[in-house]
Amino acid sequence: MEGVNAEGQWIIMMGFLVSLGIFFLAVIISQSTLVGQTTAEGVLEFPKNDIQDLRHDILKVENFERTNCPPISGCPTIMSNISQEIQQIALYRKSAIVNYTFSPSPWVDSGKRVVDIHYNNGVTVYDEETQILYAT
């Protein structure tokens, strides 16, 4: 056997290693685009503005009840109608289930009121408990 051509084997081996490197880089790049896409979808699906608008409206309702309803009898029908309208608007426009409660009664002399807000659109569940302090 005269000389084995080691140079040809070296070229083939280096070609094989380069092709494996390119394959692994392609896999890494394809995974990074998938991760970036799902992250962007998660950000787009989070209804931050919807929740902020809902919270603002509910706090306006609480302020209306505290300032405009008479202390003894209250406004049960008005408040019930407002609650039903907020729930129906959230359901039809945003496909979200919304519940909120005020406690205690605005005429209790505790100086604070707790507002519980529950928002669920099937993807995002948001629960908040806010304390409203006001002078008695």
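The values are calculated or read from the model by the stated rules, or taken from the named source; none is laboratory data. Keep in mind that what you see is a predicted model, and the values were worked out from it rather than measured. Using ideal geometry, Cβ is built from the backbone for each residue, glycine included, and neighbour counts are taken over all protein chains shown.
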Hey, VAL108 at pLDDT below 90 and of a type in the set (A, V, I, L, M) or not:
yes
- Item | Flag for ILE86 being closer than 15 Å to ASN120 by Cβ and aliphatic (A, V, I, L, M) | yes
Within the range 122-136, residues being of a type outside the set (A, V, I, L, M) and at pLDDT 90 or above number 4
Matching residues in the range 50-68 (more than 13 Å from ALA90 (Cα to Cα) and crowded, with 17+ Cβ neighbours inside 10 Å) number 3
**Message:** Can you find a residue that is in contact (Cβ under 8 Å) with a residue 24 or more places away in the chain and out of contact with any strand residue (DSSP E or B) (no Cβ under 7 Å at 6 or more places or on another chain) anywhere in the range 79-92?
**Reply:** no
Reported set for the range 69-83 where residues are over 29 Å from THR124 (Cα atoms) and surrounded by fewer than 16 Cβ atoms within 10 Å (Cβ to Cβ) is PRO70, PRO71, ILE72, SER73, GLY74, CYS75, PRO76, THR77, ILE78
